[in-house]
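**Student:** I'd like to ask some things about the structure below.
The values are calculated or read from the model by the stated rules, or taken from the named source; none is laboratory data. The structure displayed is predicted, hence computed values, not measured ones. We place every Cβ from the backbone using ideal geometry, glycine too, and count neighbours over all the protein chains shown.
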Amino acid sequence: MILVTGGAGFVGLNVVEQLAARRGAVLVYDLSAPRIGVRHELGDVTDTDALERTFAKHRPAAVMHLAAITAGRQRDAREPRRIAEVNLLGTINVLEAARRHGVQRFVHASTGAVYGGAGVGAPEPLEEERDRPVPESMYGITKYAAERTCLRLGELWQMDVRVGRLATAFGRWEHATSARDVLSPPTGIARIARRGGEAVFPPLGATDYIYAPDLASALVALLDASAPRHRLYHLGIGAAWALPEWCELLAQRFPGFRWRESTHEAEWTVRPLSPTTRTRFSNRRLVQDLGWRPRFDLTAAADDFLAWLEAYDQ
């Protein structure tokens, strides 16, 4: 059995959907029930008793740890303790429970937000070892502390621990929750386009937005790898694109849709989590070690996501 913490969230649902399609045993551990029909236990990663009961009852062989609070500036100021409790201490809680119950493999989902200002305007794609994170937000700070903790304790405890830093995801199953402040710009823009509205957003430049099913498949590839050469992988498409390219595709499908970039925050109808755009990841390790390739280019992602929204969006 594979236990997925945060499996009722955005990336979690994409991962669980793919794991369940393989007809393997999957268990979601989250604050709410997943929107797809898989087994689940309700609980918080800060609740060590609930974690202990879940691990003792289900005896998972592997853990995919996705539970986190993705916070923006206002929540950083309002709830720093809660962010740290979930993103860092919650990770330690899950790691300790996994160790006690003999979990064979532990995959921790980190984030490109760990780079902070150091990842903005870098002259080359960001490499796992060469480029050093300098996180700025509470989200980035706590996620960086959590990934380093995973790698350190994995070494000390001789656990098979793997870390994947996620590029900026968008698409299927993305929804606002108590753990996620802001929708990704591509998803926010797609929702506006379907309504025939106007998307106004800052000129962010290009980054490696990744369609959620592709990100899920990269996480699953990291989970499945029998003996990866490294403990840390960038999970991205290896290429970058900017929001105007996405808007042009959507405008072909929705003639009433309008969009523009603006430097005036008061005009924005799409608000990014961060006011700056990270340089794209190098995904050399992911491709060479794990043999991973994205299934969706930008046009295919638009086609698939719009069809999905038509079927599922409420």
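**Student:** Can you give me the ranges of the helices (runs of 4 or more DSSP H) entirely in the range 232-314 with at least 1 residues that are of a type in the set (Val, Ile, Thr)?
**Tutor:** So the answer is 284-290, 298-312.
**Student:** Of these, Asp289, Asp224, which one is at pLDDT 95 or above and either surrounded by fewer than 16 Cβ atoms within 10 Å (Cβ to Cβ) or under 26 Å from Pro202 (Cβ atoms) (or both)?
**Tutor:** Asp224
**Student:** Of these, Asp208, Asp224, which one is charged (D, E, K, R) and under 23 Å from Ala62 (Cβ atoms)? Lay out the reasoning, then the answer.
**Tutor:** Details: Asp208 fails: under 23 Å from Ala62 (Cβ atoms).
Step by step, each of Asp208, Asp224 is checked, and only Asp224 is charged (D, E, K, R) and under 23 Å from Ala62 (Cβ atoms).
**Student:** Let me ask you something else. Taking into account only those residues within the range 117-138 that are of a type in the set (A, V, I, L, M) and touching a residue at least 24 places away in the same chain (Cβ under 8 Å), which is nearest to Asn283 (Cα to Cα)?
**Tutor:** Within the range 117-138, the match that is nearest to Asn283 (Cα to Cα) is Leu126.
**Student:** Pick from the range 174-197 the residues that are over 27 Å from Cys150 (Cα atoms) and touching a helix residue (DSSP H, G or I) at 6+ places or on another chain (Cβ under 7 Å): which of them is surrounded by the most Cβ atoms within 10 Å (Cβ to Cβ)?
**Tutor:** So the residue we want is Ala190.
**Student:** Can you tell me which residue in the range 115-138 is surrounded by the most Cβ atoms within 10 Å (Cβ to Cβ), limited to those that are in contact with a Lys or Arg (Cβ under 9 Å, 6 or more places away or on another chain) and assigned to a helix (DSSP H, G or I)?
**Tutor:** Gly119
The rows are residues; the columns are (1) without any contact (Cβ under 8 Å) to a residue 12 or more places away in the chain; (2) of a type in the set (A, V, I, L, M, F, W, C).
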{"position": "Arg271", "(1), (2)": "no, no"}
{"position": "Thr276", "(1), (2)": "no, no"}
{"position": "Leu286", "(1), (2)": "no, yes"}
{"position": "Ala301", "(1), (2)": "no, yes"}
{"position": "Glu310", "(1), (2)": "yes, no"}
